[in-house]
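The numbers here are math on the coordinates, done by the rules we state, and not lab data. Not measured: the values here are computed from a predicted model. Positions of Cβ are generated from backbone atoms using ideal geometry, with glycine treated the same way; all protein chains shown enter the neighbour counts.
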Amino acid sequence: MKKLGKQTIKFDNPPTITECASIVGPKEAQGPLSKYFDQTLDDEFWGEKTWEKAESKIIKETVNTVISKSGIPSDQIYCCFAGDLLNQCISSSFGLRELNIPFFGVFGACSTFVESMCLSAICCESFAENVLCATSSHFCSAEKQFRFPLELGNQRPPSAQWTVTGSGAAIVSKNGQGPFITHITPGKIIDMGIKDANNMGAAMAPAFADTLISHFLDTGRNPSYYDAIISRRSRSYW
């Protein structure tokens, strides 16, 4: 690895995204990307008694799916970076406790999965052959955590956020045929004083823009270099 500019890391031997998997809830299954998910659920509980237990089951089964698809035994996965939106990352820690893999809890909200992949790539460049990264969220448990429990029956404003119900997982490996992680540019905290709890996108957008600018300056690239530039942030679905 070597540092470029102020914030970017370039990998001399770029790690490979070996395999990925995803499971989503019923609302996500109605969208245009439904055919790309490994599994879609008929209801938010998936046979469990609480939404939190359902979320733990979702991330557990997603991780089991990616390990099965990769063909890499779990004892050859050096560590796991995973997180969710709940206190102490309980969905991830309870869902993945049976894996018997060294676990790093990551709490980055919308950025959790990309943060996990960045850290996984650094581990692969340093000491690990394979690293697991995963994240999950659940609309019903997130409402209880961040806004108003659904049991209250509150009137939702037209601008209300809708948190995805689902989980994604990937295995990053030291060796492989690609796709590769060639650079990472960690972002900084950019707080412009946005106070509208129903518009988290506006709070996140400045950091996204600052990270892009830093990446272009550090690498000497411009936006036309890329086929796509994708921001993962909160959106409204109404």
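Numbers for the structure displayed
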| item | result |
| --- | --- |
| Listed pairs K35/K57; K27/K49; K3/K53 exceeding 30 Å between Cα atoms | K3/K53 |
| Cα-derived Rg over Rh, computed across the chain with Rh taken as Kirkwood radius | 0.97 |
| Sites K69 and Q177 - FRET efficiency at Förster radius 22 Å, r taken between beta-carbons, to 0.05 | 0.90 |
| FRET efficiency, 1/(1 + (r/R0)^6) with R0 30 Å, evaluated for K6 and S126 via beta carbons | 0.90 |
| Distance from the range 16-46 to the range 118-159 (C-alpha centre basis), Å | 15 |
| Kyte-Doolittle mean at least -0.5, axial Cα span of 20 Å or more - DSSP H helices of the chain | 112-126, 200-219 |
| Mean residue ellipticity (222 nm) of the chain, computed from DSSP H runs ≥ 4 via -39,500 (n - 2.57), nearest 500 | -9500 deg cm²/dmol |
| Spacing of the two label points (7 Å from each Cα toward its C-beta) at Q30 and N13, in nm | 4.9 |
| Volume per residue of the C-alpha convex hull in the range 15-77, rounded to whole Å³ | 104 |
| Largest-first ellipsoid semi-axes for the range 76-213, taking √(5λ) over the Cα gyration tensor eigenvalues, angstrom | 30, 21, 11 |
| Three-way shape call for the range 161-207 based on the alpha-carbon gyration tensor, with the a/c threshold at 1.5 | oblate |
| Prolate/oblate/rounded label for the range 152-238 (Cα gyration tensor, a/c 1.5) | oblate |
| Gain upon complete extension [D43, K144; 0.36 nm per residue less C-alpha separation] | 34.6 nm |
| Net lengthening on full extension, L212/V114 (0.36 nm per residue, minus Cα-Cα) | 33.8 nm |
| Additional length obtainable on full extension of the chain from I190 to N100, 0.36 nm per residue less Cα span | 28.7 nm |
